[in-house]
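Below: one structure, written as structure tokens.
The values are calculated or read from the model by the stated rules, or taken from the named source; none is laboratory data. Predicted model, so just to flag it, every value in this text is computed and none were measured. Cβ placement follows ideal geometry from the backbone for every residue including glycine, while neighbour counts extend to all protein chains displayed. Heads up: the accessible areas ignore ligands, DNA and RNA and are worked out on the full protein's heavy atoms, side chains in. Shrake-Rupley method; radii C 1.70, N 1.55, O 1.52, S 1.80 Å.
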Amino acid sequence: MVTLLPLIVKIDALSYGVNVFGSMSNVSVYLDAAHGAWLGESTDKVAAVIKEILSNAPNGKIRGLSTNISNYQPVASEYQYHQKLASALSAAGYPDMHFIVDTGRDGVAISSGTWCNLIGTGFGERPKGNPNPSMPLLDAYMWLKTPGEADGSATGSRADPVCAKEDSLPGAPDAGQWFHDYFVQLLKNAKPSF
């Protein structure tokens, strides 16, 4: 038997957060919408979930959505996702959504199914508001995942088999812990460079 209770609880929690923080005049709220390589072909479904969250938050509003958190997708690809998602949200009754994109690990164009401490990555564009006039839906580049924070480890009680793949940097600590070698890699491969 499949239960929807965990999904309902998460939607309720997000609705509560939007209702509280989205009603504050000095707060701009963005909800996470994964990244285009994962959900780019499912923007109608993403819009339906966002609509449900917002329908349950009558006093709150959001500025938009954040994408690419902890991931490696290029800004241009993410912007195509933003455009599709903005269109789907507008059709669902939520026009004028804006986006922020995590550029903390997208400085090197890498194609991989691995998400765990990927070898070869680098810092991308530095955090900046209104970064590209040709991308009017994009509010900012941000580094939302802490640079140098491990995605997970291939060993130990919390080991994740994805972190043992050959394109994952070895020697990582558990997820969320400082991973010095990964930080150094991000710094060395940064585009633009430091």
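Brief remarks follow.
- Accessible-area composition of the chain, carbon plus sulfur, in percent [1.4 Å probe]: 56
- Neighbourhood charge, 15 Å Cβ-Cβ cut-off, centred on ASN26 and excluding it, Lys, Arg +1 and Asp, Glu -1: +2
- Cβ-Cβ FRET estimate between SER193 and ILE11, R0 fixed at 41 Å, reported to 0.05: 0.45
- Inverse of mean 1/r across different Cα pairs in the chain, Kirkwood, Å: 17.8
- Net dipole in debye of the chain [+1 Lys, Arg Cβ; -1 Asp, Glu Cβ; about Cα centre; nearest 20]: 300
- LYS145-GLU166 pseudo-label distance in nm [points 7 Å out on the Cα-to-Cβ vector]: 2.3
- Net charge, SER168 excluded, C-beta distance under 11 Å - Lys, Arg +1, Asp, Glu -1: -3
- Taking a point 7 Å out from the Cα of ASN59 in the direction of its Cβ, the residues of region 8-36 whose backbone N falls within less than 13 Å of it are 16-25.
- Note on SER42: accessible area approximately 40 square angstrom, rounded to 10, probe 1.4 Å, nucleic acids and ligands left out.
- In the chain, the DSSP beta bridges split such that about 25 percent are antiparallel, to the nearest 5.
- Relative contact order (%) - the chain, alpha-carbon pairs under 8 angstrom, separation at least six: 17
- Percentage relative contact order, region 6-71, counting C-alpha pairs under 8 Å, at least six apart: 50
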